[in-house]
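Student: Just dropping this structure here.
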Amino acid sequence: MLTGKVAVITGGSRGIGAAITYRLASLGADVAVIYAGNREAAEGVCAVCAEKFGAEARAYACDVADFEAVKQTVASIKADFGGAHILVNNAGVTRDGLAAMMREEDFDKVLDTNLKGAFNMIRHCTPLFLRGKEGCIINISSVSGLMGNAGQSNYSASKAGLIGLTKAIAKEYAAKGIRCNAVAPGFIRTDMTASQDEDTLVDMIPLGRMGEADEVADAVAYLINARYVTGEVLRVDGGIAM
């Protein structure tokens, strides 16, 4: 159980992020939901967490790629909740295209949000973890970061970078009682995969089906409670990256 803990979830207003938020709230955590643009969706997630699970839940608009904006948002979370114990870096975007034709701004946007955004959150949440003498960071990577994906050089690079970031942070802060792990989802049924042909995707998956957002939330909940696990990458992919 996570009673008395505060969890910060980026990209928590929909899809995998919303599923993670609901799971942590159901386990007793209070939740700070960071969203990029859809305030109504974020407040809807918070309302469910409060009404169904009795959690204190607040939504914060923030571009995680903006170092100063993240600093201010984390300061607001500290003022509202008194601190934080868990950080889930889930915010992510895609700008797919072949590398030979990819625009510079599309490469930069994906790296800035998916990778630098995670660093920004870790950088500004770490003082809260150190003050509380405990912390758990979960970075949502992807199997694309483990094996690459044609047409996603920017996304694959950002998600591979998250794995390197995870292992470096795990080594830097283990002595301080702060753990850092990553989850690498495969093809999960969300808005991000809705435009793709599901039959084609399923043919690539050994278990023969798409994953569900709740199954990624299962992995996050496990890693939060796995007190002797750090620097690990847990695949939730139906075996696609075996």
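Student: Mind jotting down the distance between the C-alpha centroids of region 88-143 and region 171-242, whole Å?
Tutor: Going from one Cα centre to the other spans 16 Å.
Student: To the nearest 10 degrees, how steep is helix 213-225 against the longest Cα principal axis of the chain, on a 0 to 90 scale?
Tutor: Helix 213-225 sits at roughly 50 degrees to that axis.
Student: Turning to a different aspect of this structure: Using only the alpha-carbon atoms, how far is helix 67-81 inclined from the longest principal axis of the chain? Give it as 0 to 90 degrees, nearest 10.
Tutor: Its long axis makes an angle of about 40 degrees.
Student: Could I ask something else about it? If you take every residue apart from GLY11 with its C-beta less than 12 Å away from the C-beta of GLY11, what net charge results, scoring Lys and Arg +1 and Asp and Glu -1?
Tutor: Counting the neighbours of GLY11, the net charge comes to -1.
Student: Testing the spin-label approximation: label points 7 Å from Cα along Cα→Cβ at GLU68 and ILE205. State their distance in nm.
Tutor: Modelled inter-label distance: 4.3 nm.
Student: Return an integer: the convex hull volume of the alpha-carbon atoms of the chain, in Å³ per residue.
Tutor: 118
Student: Over 30 Å between Cα atoms, which of LYS78/LYS116; LYS71/LYS133; LYS71/LYS167; LYS5/LYS71 qualify?
Tutor: None, as every Cα separation is 30 Å or less.
Bear in mind that the values in this text are calculations on the coordinates, not laboratory data. Predicted model, so just to flag it, every value in this text is computed and none were measured. Counting neighbours? That spans all protein chains shown, and the Cβs are built from the backbone with ideal geometry, glycine included.
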